There are 4 protein chains.
Amino acid sequence: MDADLEEPAMHVAAMMKTHPRPIGRPEDAFAGCIEACHDCSATCLICADACLSEEMVEELRACIRLDLDCADICRATAAVLSRQAQGTFRELLAACIAACRRCGDECAKHASHHAHCRICAEVCRACAQSCEHALGMPI
Amino acid sequence: MDADLEEPAMHVAAMMKTHPRPIGRPEDAFAGCIEACHDCSATCLICADACLSEEMVEELRACIRLDLDCADICRATAAVLSRQAQGTFRELLAACIAACRRCGDECAKHASHHAHCRICAEVCRACAQSCEHALGMPI
Amino acid sequence: MDADLEEPAMHVAAMMKTHPRPIGRPEDAFAGCIEACHDCSATCLICADACLSEEMVEELRACIRLDLDCADICRATAAVLSRQAQGTFRELLAACIAACRRCGDECAKHASHHAHCRICAEVCRACAQSCEHALGMPI
Amino acid sequence: MDADLEEPAMHVAAMMKTHPRPIGRPEDAFAGCIEACHDCSATCLICADACLSEEMVEELRACIRLDLDCADICRATAAVLSRQAQGTFRELLAACIAACRRCGDECAKHASHHAHCRICAEVCRACAQSCEHALGMPI
């Protein structure tokens, strides 16, 4: 009965299809990238807090910081890609790719000890890939 | 081959399961609520921009504002629920429910004219429900 | 010559004066509250990272979490108060006051050891006061 | 008596001085840049809403979008600069400079008609300058 439990997916793709004036951007690549950015931001927020709960928190300082940086940058990227402003998004996608790569690399170091870092590394790399895909589009 | 295209769902539930020290919160209700908040925030960002593109934008001012308010509050709620800080989340869930209800009601007024408002109204209401569910949990 | 170094204050009050359609809110109380929320959010972000750098980071976990929660909620509150949407802000101000009080109380416990916590406690309490002031206004 | 009314400035510089482990970044340039980013984000949020209130809102669509983009990117930049994570900030500063320049240029077009756009253009340009200053620092 709970709509939220039965339908866990995001509605980004459906929403992007209803947008009245896409400015020529490849709709599907962008929808996928926006979703990946939201997912990565959400994942990094949880990974940062999970790292903070670990006994050896002092060894995870860099991971927590890169998680939080990645969460903020992915969120901003998702928001900017959701808007039809012309031109601002290229530099931001480059920054987002860099943040996802760095966070993914750091999380990968801890993947064998912490399941949250293992998942987070995968999500960060998928997001970086998705941003590269969007950046490679003609517009 | 693109991981981001094949696996569109969020990783919140998987991440919450790996968190080393849940402070007694009902994990599943919270994971569902966090996902609903991210989805609602993402949806409202797109709805605001879609409204801004409509020819009759001057009639959608309230809708744009409530979309943006809802996006900000849902995002903050998702972030706070992702952390194991004790006590801060009840008031915020109440604020989030109020924001989702108001945005959902306003979007519902435009649902017959704008598909983005129709979807957004549904997503807002599902998110309000999900927040109410989380708020009703014992901890 | 650097404009940014010579003029460190925020421009919120000046901006609020130029807004074409204030919806009857007491402009000055809101401008002060918006500035206090931005300041508190900025301060809490730095306090969280400073705590994370401390040798005894494991004793500062609650402080880091409350800092990050407060930063997110203050930011959302500032954004919502900056918009002329009707009605959404009361519940959010209540949540913001609660977050500021909790963060301020936690930081106050560490004030004698960490200067960043001492300053942050003061800023959080000033922000809570400013939000209470705004909440007490007729509209 | 209201602390928030008597002390409107931000506490970023004071906080940065108390941070226990600066990773070699030029403290003052970064503090100035973090403040400029928060100020610009705050200003752009109000400018977007003020534009939305203008009678000729349909002519201000691009301005509203660039304001919101700039607000999101400046906020993320301020958050990332507030943390001592190594390496993520250069690409983001580049994106922030681009966003501030574009928003400043668009707002400047409307400066003679709308005081909020005039102030916002100045704040955006000061923020771009401040980011360039930080980017030019040795570390």
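Tell me the distances, shortest first, between D:ALA108 and the same position across the other copies, using label points 7 Å along Cα→Cβ, in nm to one decimal.
Counterpart label points of D:ALA108 in the remaining copies fall at 4.3, 4.8, 4.9 nm.
Report, as an integer, the average count of C-beta atoms from other chains found within 10 Å of each Cβ along D:101-109.
Taking the mean over all residues of the peptide, I get 1.
Per residue, how much accessible surface does the protein assembly as shown expose to a 1.4 Å probe? Answer in Å², no decimals.
34 Å²
Taking the protein assembly as shown as the region of interest, what is the percent of Cα-Cα pairs per 10 angstrom bin, listed from the shortest bin to the one with the maximum distance?
For the protein assembly as shown, the binned pair fractions read 4, 20, 33, 30, 11, 1, 0 percent.
Can you figure out the FRET efficiency of D:MET137 with C:ALA111, using R₀ = 25 Å and their beta-carbon distance, to the nearest 0.05?
Given R0 = 25 Å and the Cβ-Cβ separation, E is 0.20.
Across peptide A:53-59, how many C-beta atoms of other chains are within 10 Å of each residue C-beta, on average? If you can, show how the numbers build up before the last one.
Values: counts 9, 4, 3, 1, 6, 6, 0.
Per-residue shielding by partner chains comes out at 4.
To the nearest 10 degrees, how steeply does helix B:89-109 sit against the main Cα axis of chain B, on a 0 to 90 scale?
The angle comes out near 30 degrees.
Just to be sure I understand: chains A and C are related by a rotation, so which residue of A has its Cβ closest to that axis, and how close in Å?
Here the value is A:VAL57, 3.
Shape verdict for the range A:45-139, please, from the Cα gyration tensor: rounded (a/c under 1.5), prolate (a/b greater than b/c) or oblate.
Cα axes put the range A:45-139 in the prolate bin.
How high is the relative contact order of chain D? Use alpha-carbon pairs under 8 Å, at least six apart in sequence, and give a whole percent.
Details: 159 pairs, mean separation 38.5, N = 139.
Computed value for chain D: 28 percent relative contact order.
Placing unit charges on C-beta atoms (Lys and Arg positive, Asp and Glu negative, everything else neutral), compute the dipole magnitude of chain B about its Cα centre in debye, rounded to 20.
It works out to roughly 740 debye.
On a 1.4 Å probe surface of the protein chains, which of D:ASP28, B:ASP69, C:ASP105 comes out largest in accessible area, and what is the full order?
Accessible-area ranking of D:ASP28, B:ASP69, C:ASP105, largest first: D:ASP28, C:ASP105, B:ASP69.
Relative to the longest principal axis of the C-alpha atoms of chain D, give the angle of the C-alpha long axis of helix D:115-135, reported between 0 and 90° and rounded to the nearest 10°.
30 degrees
Using a label point 7 Å beyond Cα on the Cα-Cβ vector, give me the inter-copy distances for C:ARG90 in nanometres, one decimal, shortest first.
2.0, 4.9, 5.2
Quick check for me: using +1 on Lys/Arg Cβ and -1 on Asp/Glu Cβ, what's the dipole size of the protein assembly as shown about its Cα centre, in debye to the nearest 20?
For this selection, approximately 0 debye.
So how tilted is helix A:27-53 from the main axis of chain A? Cα-based, degrees 0 to 90, rounded to 10.
Between helix and principal axis, roughly 20 degrees.
Can you tell me which lysines have their Cα less than 21 Å from the Cα of A:LYS109? Leave out same-chain residues fewer than eight positions away.
The qualifying lysines are B:LYS17.
Mind checking which of B:VAL57, B:LEU92, B:ALA108 is farthest towards the positive end of the range B:22-138's charge dipole, using Cβ charges of +1 (Lys, Arg) and -1 (Asp, Glu) about the Cα centre?
Of the listed residues, the answer is B:LEU92.
In nm, what does the list of distances from A:ASP28 to its counterparts in the other copies look like, shortest first, when each label sits 7 Å along Cα to Cβ?
3.5, 5.6, 5.9
With a 1.4 Å probe, how much accessible area is buried between chains D and C, both sides summed, in Å² to the nearest hundred?
Values: alone 8110 and 8130 Å², together 12180 Å².
Chain pair D/C: roughly 4100 Å² of buried accessible area.
Roughly how many percent of the accessible protein surface of the protein assembly as shown is carbon and sulfur, given a 1.4 Å probe and a whole-percent answer?
54 percent
Only helical DSSP H runs with n ≥ 4 go in: add -39500 (n - 2.57) per run for chain D, normalise by residue count and round the 222 nm mean residue ellipticity to 500 deg cm²/dmol.
-24500 deg cm²/dmol
How large is the dipole of the range C:48-89 about the Cα centre if only Lys and Arg carry +1 and Asp and Glu carry -1, each at its Cβ, rounded to the nearest 20 debye?
Dipole size: approximately 460 debye.
The values are calculated or read from the model by the stated rules, or taken from the named source; none is laboratory data. Predicted model only: the values in this text are computed from it and were never measured. Note: ideal-geometry Cβ built from the backbone for every residue, glycine included; neighbour counts use all protein chains shown. The protein model used for the area step is the full one, side chains on, heavy atoms only, and it has no ligands, DNA or RNA in it. Shrake-Rupley method; radii C 1.70, N 1.55, O 1.52, S 1.80 Å.
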